[in-house]
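Some notes on the structure that comes next.
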Amino acid sequence: LNILEAVLIGGQGADGQQILFQGEEPIDLLALTNFSEAIIFGEVEPGTYSKLRLVIDSLELVPADGGPSQYPALPANGKIDLLDQDGFEVLPGTTLLVEIDMDANKSLKITGAGNSGRYKFRPVVKVQFMTGDLDELKLARLEGTVAEISTASPGSFVLCDIETPDSCVNVATDSSTSIFGADGMPTDFATLMPNDIAVAIGTYSLDGGIVLNASVLEIGGNAEQVQGTVVSNPADDAFIIYADGSDLTVQLQARTRYYDANGEIGPESVIIGAEVEVEGVVDATDSGLIRAALVFVEAAEDAQLSGTIAEPLDSVMRTFNLTLADSSTVCVDVVEEAKILLVDAAAGTATMATIDELSVGQIVDLFGAMNECFDAHEVIVDVNASPAP
């Protein structure tokens with residue numbers, strides 16, 4: 001995905017539009033399954049804003065089997081509007097952090113059958129505007145060039161994006177940060193030099209501006225991300241994953257970190273059958289071994305149901321019936337923390353919504369787990385679809 005522009009658009013009481021970014025910023029959506037990546041850092045004028053507009057000019061789908069790439073048509077001429085119906089206020093002197101979460105799997109729908117099937121892109125994009133509590137944000141992964149090492153704040157440095165070098169963030173490390181060198185082996189902060197390529201992984205804070213508090217720092221520009229399935233339990237500081245059609249040995253180290261979507265975990269979570277993403281450096285002489293800086297244990301993939309909302313719909317109890325394509329009916333419980341998204345592919349808009357905005361006849365995709373009823377963790381409403389009679 002290639003982003004050309006990001007614009008904040010004011011609601012009532014704000015002055016028009018404010019361009020945050022113009023240029024070219026290529027984004028690998030699959031690499032951001034478990035992490036967030038900084039696109040823009042900049043000044044925002046105080047005011048109340050109602051939407052963030054992204055302008056993209058290309059979406060390339062690269063088949064894993066090496067076949068030719070596909071380029072789905074973009075909605076609304078590449079314009080994607082992320083709406084906040086209540087608006088969000090930026091006060092003088094405050095720092096605003098915006099997290100954009102585009103789910104590649106849910107944004108692509110296959111139309112047609114067999115080999116004639118084509119991909120249709122819809123903007124399944126969730127956005128969070130935050131000026132305070134950042135607990136709900138994904139683990140952040142930033143790769144860039146070291147522009148400056150602080151002398152006033154030991155262990156801190158400025159990291160600037162490779163593609164857009166004007167986009168920089170302050171990174172802080174401390175004694176708990178796991179630091180690795182170009183060979184993937186543990187090292188210390190003193191080996192970091194200006195102009196080094198580095199990867200910092202951690203969480204943001206907004207004390208005196210945006211700071212990334214690094215849990216992991218990889219120096220040297222050799223860091224890779226590999227996703228696969230665990231096929232052996234950890235033993236002798238290693239385990240094996242099946243990735244890209246072959247086995248890969250993951251070497252664990254004393255400073256290797258372990259995470260899942262809820263935060264830091266322990267190595268006991270790495271079990272046979274788990275889907276993991278390994279961050280580290282492939283050995284220079286043995287391509288079948290990667291030295292792990294971080295192991296991210298992915299959650300089990302949600303089940304999916306698609307259909308039409310039917311009576312009874314109770315927004316207080318957060319329940320409704322869902323009529324499936326075969327005319328059968330399933331009861332649905334929308335969990336309290338569920339994300340509800342109204343997607344208008346034709347207009348290129350994605351709006352975070354509440355249970356009160358669901359109605360009988362809407363066409364929806366649900367993601368969650370089947371129990372006595374289907375527990376929906378995410379509800380995507382296709383506002384372009386014709387309501388069922």
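For segment 303-382, the percent of C-alpha pairs falling in each 5 Å distance bin, counted from 0 to the bin holding the largest distance, reads 3, 17, 30, 29, 14, 6, 1, 0. Annotation: extensible slack from ASP237 through ASP166 equals 21.5 nm (criterion: 0.36 nm per residue apart, minus Cα-Cα distance). VAL335 label point, 7 Å along Cα→Cβ, cut-off 19 Å on backbone N: hits in segment 371-385? Residues 371-381 qualify, since their backbone N sits under 19 Å from the label point. Across segment 139-219, how large is the tail of the calculated P(r) beyond 16 Å, expressed as a percent of all Cα pairs? Tail of the P(r) past 16 Å holds 44 percent of the pairs. Once the gyration tensor of the Cα atoms in segment 224-293 is diagonalised, the equivalent ellipsoid follows with semi-axes of 17, 14, 12 Å, ordered largest first. Each 5 Å bin from zero up to the one holding the largest Cα-Cα distance in segment 2-130 carries the following percent of pairs: 2, 9, 18, 22, 18, 13, 8, 5, 3, 2, 0, 0. Placing a pseudo-label 7 Å from each Cα along the Cα-to-Cβ vector at SER328 and THR94 gives an inter-label distance of 4.9 nm. Here r is the Cβ-Cβ distance between ILE110 and GLU37 and R0 is 22 Å; the resulting FRET efficiency, rounded to 0.05, is 0.25. All C-alpha to C-alpha distances of the chain, sorted into 20 Å bins beginning at zero, yield P(r) values of 25, 56, 19, 0 percent in whole numbers. Most simply put, segment 255-316 has about 75% antiparallel DSSP beta bridges, counting only bridges with both residues inside it. A crude spin-label estimate for the pair ASP174 and ILE9, with each label 7 Å from Cα along the Cβ direction, gives 4.2 nm. What value, in deg cm²/dmol to 500, does the helix sum -39500 (n - 2.57) over DSSP H runs of n ≥ 4 give at 222 nm once divided by the residues of the chain? Rounded to the nearest 500, the figure is 0 deg cm²/dmol.
Every read-out reported here was derived from the displayed coordinates using simple, explicitly stated rules and does not represent laboratory data. These numbers come from a predicted model, not from an experiment. Here Cβ is always computed from backbone atoms with ideal geometry, including for glycine, and neighbour counts include all displayed protein chains.
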